[in-house]
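Have a look at the structure below before the remarks.
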Amino acid sequence: MKNYSLQDSRDLYGIENWGAGYFDILPSGHLMVRPVHGESQAVDVKQVVDELVARGISTPILLRFPQILASQVERLCGAFARAIAEFGYRSSYSPVFPVKVNQRKQVIEDLLRSGRRFRLGLEAGSRAEILIAMAQDAPAGSLLVCNGFKDAAYLSTASLGMQLGRKVVVVLEKPFELENLLRMADKLDPVPYLGFRVKLHSRGSGRWEKSGGAASKFGLSAGQILWGIDKLREAGLLDRLCMLHFHIGSQITEIRRIKSAIQEASRIYAKLRKMDVKIELLNVGGGLGVDYDGSRTSSDASVNYTVQEFANDVVYNIKEVCAREEVPEPEIVSESGRALTAYHSMLITDVVSAVTPNSLPAAVLSDKDPQVVQELGYLRDRVNPKNHREFWHDALQQRDELLNRFNLGYLSLEDRAKGESLFLEVAHKAVRFAKNQKYVSEELENLEHHLSSKYICNFSVFQSVPDSWALEQLFPVLPIHRLNEKPSCMATLVDITCDSDGEIDRFVDLKDIKESLEVHPLKPGEPYYLGVLLIGAYQDVMGDYHNLFGAVNEAHICVEPDGKYTVRTLQRGDTVRQVAQIFGHDPDALGRYVEGFVEMLVREGRMEESVAHRIARRYRHELSRYTYLDRNHF
Ligand code: PLP
């Protein structure tokens, strides 16, 4: 058998397919990150985790790589610059980051810093987001695009942004929003710039397909746009209208959907220009997808195009329509969020323990065993590559018989345990034999999944990768060390919440979706770390506090020109005190309650005073700890 190589691990986990050049494996078998696109300086992820743990920062830890954010901004803007040059486009491109994709202060600040030279602006979808966006150090002249539901308060907040010198564009997407605006226009000083979100006939593809198309919740129909223009003209506000906007959904998996949306929107833009409506900005929304599984297909977890192809299609199609209609080319705006942020963060969790379906030693048969147990023993001993399917079916029948007889009171608990153990031995053998066959039946493929171990991991799916639970979204998962060693076990990853949904059991595979992941056997006394990657878009925002597992420890890692890394920011995760407070519990009051209770026990002579003090002190200490498992306490 050939030796296991790093390339085998790269292929097994698909690193080169989904990694966009940011991830690879070091000769030591550790996962590495190359955060600066096109440059070789790398960070050893296992080394970072070891050092953080040594400093008392325990797992789960979220690692952010701000330089990946900068690299992604450059990738996107570089792609548009190349497309503009190639097609001789006579206007410019302005990127806008939709804050809802990741509202973390550091993420917004890092993006604005690295996007300054591209005049990166922000997009907000609520009043809270506008208030945060308008108080950022954004480049002069950059856009603040305002989407979402707009009432009077929203509109006056947008006007406040204008007073601060921001170029605020309120995108109207419902007739009532325009009516609200017209009703209060004389109170808005100044009236913000305006945009119309158009409801395209073209739909997106993939999971968010419903965001576009005629039945979508958002956008104005052609008739409503014409009505809106008349209304604005009557009110003397038509000169405020500067943007046509559309968004057909996030993670558009097929490039042809993007092309047809661009063509339709460009045509609407051109017709409006011909009506002398001086729209200067064409906003193509978000939707630029991320290839999470690396398959480059139109599956939900992938995209069948590159960033460059996306930019080329946007620029080329707008240019084409404008040339045919003989109207000026608009400034292009895009609101790409997922593509800018997904790659920059990963969750590191440690495996606390493994649960295997059959961890007992092989069952030893005796003449005294009941018939059904003997039958299962026969199947265990005689199953072979030729008969494995037939014997598996027989084992299923005998297992049912075993349980029936146990329920009727004919078998002891020991009989049942031995029978079940034999049944699992047959199952393991059948799967092993099936794997060497040319054709593996679906039932035996499924059986392999049922026989895989469960690796119990120190994290909460609901807090850290909510889309894995809510949308069954795929994220690349792999060990961050021992990648020079062949992983010999299959496992699903269960979290530490008391919820059976708290499990990752869908994994990236080039042609399919794997139901269990190749992992290494655990070594006693040694931590085993797994990374869940590409979680920088939407996951920070959507996470919840199921079982009161709170925000995780966080470290921001930068690589220096000399190849060393620095921990730029270290943020402690939530303590029990903090999560208790979120849900209205006063931690001090909880402490006082415990104190009062033990004092009462002392008064009644049911507890020693010293014990009471110790309990009260201990309770307060427990409140101040991290909400996750602590390795030192095992
Ligand atoms: N713009 C709008 C209006 C959106 O609703 C969204 C998200 O769905 C985005 C931009 C960001 O999309 P993406 O993350 O796919 O780039």
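Annotations
- Within the stretch 309-329, the only residue that satisfies the criterion of being of a type outside the set (A, V, I, L, M) and buried (at least 24 other Cβ atoms within 10 Å of the Cβ) is PHE310.
- Note on the stretch 337-370: residues that are among the basic types (Lys, Arg) and either touching a strand residue (DSSP E or B) at 6+ places or on another chain (Cβ under 8 Å) or within 16 Å of the ligand (Cβ to nearest atom) (or both) total 1.
- Just one of the listed residues (MET607, MET600) is of a type outside the set (Phe, Trp, Tyr) and outside any helix (DSSP H, G or I), namely MET607.
- Of all residues in the stretch 1-18 being touching a strand residue (DSSP E or B) at 6+ places or on another chain (Cβ under 9 Å) and of a type in the set (D, E, K, R), the one that is surrounded by the fewest Cβ atoms within 10 Å (Cβ to Cβ): GLU16
- Long-range neighbours under 6 Å by Cβ, at least six apart or interchain, first residue of a type outside the set (A, V, I, L, M) within the stretch 119-131, second within 14 Å of the ligand (Cβ to nearest atom) and open to solvent by 20 Å² or more (accessible area, probe 1.4 Å): GLY125/LYS100
- Residue within the stretch 285-306 that is touching a Cys at 6+ places or on another chain (Cβ under 8 Å) and either of a type outside the set (Phe, Trp, Tyr) or buried (at least 20 other Cβ atoms within 10 Å of the Cβ) (or both) present: no
- Residue within the stretch 170-193 that is more than 22 Å from ASP313 (Cα to Cα), within 13 Å of the ligand (Cβ to nearest atom), in contact with a Lys or Arg (Cβ under 6 Å, 6 or more places away or on another chain) and β-branched (Val, Ile, Thr) present: yes
- Any hit, the stretch 482-501, residues being modelled with pLDDT of 95 or more, open to solvent by 50 Å² or more (accessible area, probe 1.4 Å) and aliphatic (A, V, I, L, M): no
- Note on the stretch 533-549: residues that are among the β-branched types (Val, Ile, Thr) and either farther than 18 Å from LEU63 by Cβ or surrounded by fewer than 21 Cβ atoms within 10 Å (Cβ to Cβ) (or both) amount to 1.
- Qualifying residue in the stretch 107-114 (condition: open to solvent by 10 Å² or more (accessible area, probe 1.4 Å) and within 16 Å of the ligand (Cβ to nearest atom)): no
- Considering (1) within 16 Å of the ligand (Cβ to nearest atom); (2) over 19 Å from the mean Cα position of the chain (by Cα); (3) of a type outside the set (Lys, Arg); (4) farther than 18 Å from ALA83 by Cβ, the lone condition that TYR292 does not fulfil carries the number (2).
- Among the residues of the stretch 241-263, the one identified as open to solvent by 50 Å² or more (accessible area, probe 1.4 Å) and either of a type in the set (S, T, N, Q) or farther than 24 Å from ASP300 by Cα (or both) is GLN263.
- Scanning the stretch 129-147 for any residue that is open to solvent by less than 10 Å² (accessible area, probe 1.4 Å), within 16 Å of the ligand (Cβ to nearest atom) and in contact with a Cys (Cβ under 7 Å, 6 or more places away or on another chain) turns up at least one such residue.
- Segments classed as helices (runs of 4 or more DSSP H), wholly inside the stretch 413-496, with at least 2 members that are of a type in the set (Gly, Ala, Ser): 413-435, 466-470
- Each residue in the stretch 212-258 was checked for being in a helix (DSSP H, G or I) and away from the ligand (no atom under 16 Å from the Cβ), and 17 pass.
- Failed item in (1) without any contact (Cβ under 8 Å) to a residue 40 or more places away in the chain; (2) outside any loop (DSSP other than H, G, I, E, B); (3) within 26 Å of ASP499 (Cα to Cα), with ARG577 passing the rest: (1)
- Per-region count, the stretch 148-169, residues within 16 Å of the ligand (Cβ to nearest atom) and open to solvent by 10 Å² or more (accessible area, probe 1.4 Å): 2
- Any hit, the stretch 47-65, residues being open to solvent by less than 10 Å² (accessible area, probe 1.4 Å), of a type outside the set (A, V, I, L, M) and out of contact with any Phe, Trp or Tyr (no Cβ under 9 Å at 6 or more places or on another chain): yes
- Inside the stretch 547-559, residues that are of a type outside the set (Val, Ile, Thr) and in a loop (DSSP other than H, G, I, E, B) make up a count of 3.
- Residue identified as within 16 Å of the ligand (Cβ to nearest atom) and either of a type outside the set (Lys, Arg) or in a loop (DSSP other than H, G, I, E, B) (or both) among ASP540, ASP501, ASP562, ASP544: ASP540
- Test for GLY21: is it within 16 Å of LEU69 (Cα to Cα), open to solvent by 30 Å² or more (accessible area, probe 1.4 Å) and in contact with a Lys or Arg (Cβ under 9 Å, 6 or more places away or on another chain): yes
- In the stretch 377-386, the qualifying residues are those that are out of contact with any helix residue (DSSP H, G or I) (no Cβ under 6 Å at 6 or more places or on another chain) and not in a loop (DSSP other than H, G, I, E, B), and the one that is surrounded by the most Cβ atoms within 10 Å (Cβ to Cβ) is TYR378.
- Scan of the stretch 24-46 for residues that are open to solvent by less than 10 Å² (accessible area, probe 1.4 Å) and under 16 Å from PRO561 (Cα atoms), ordered by number: VAL33, PRO35, VAL43
The values are calculated or read from the model by the stated rules, or taken from the named source; none is laboratory data. What you are looking at is a predicted structure, and each value in this text was computed from that prediction instead of being measured. Positions of Cβ are generated from backbone atoms using ideal geometry, with glycine treated the same way; all protein chains shown enter the neighbour counts. Each accessible area value is taken on the protein alone, full model and side chains, heavy atoms only, with ligands, DNA and RNA left out. Shrake-Rupley method; radii C 1.70, N 1.55, O 1.52, S 1.80 Å.
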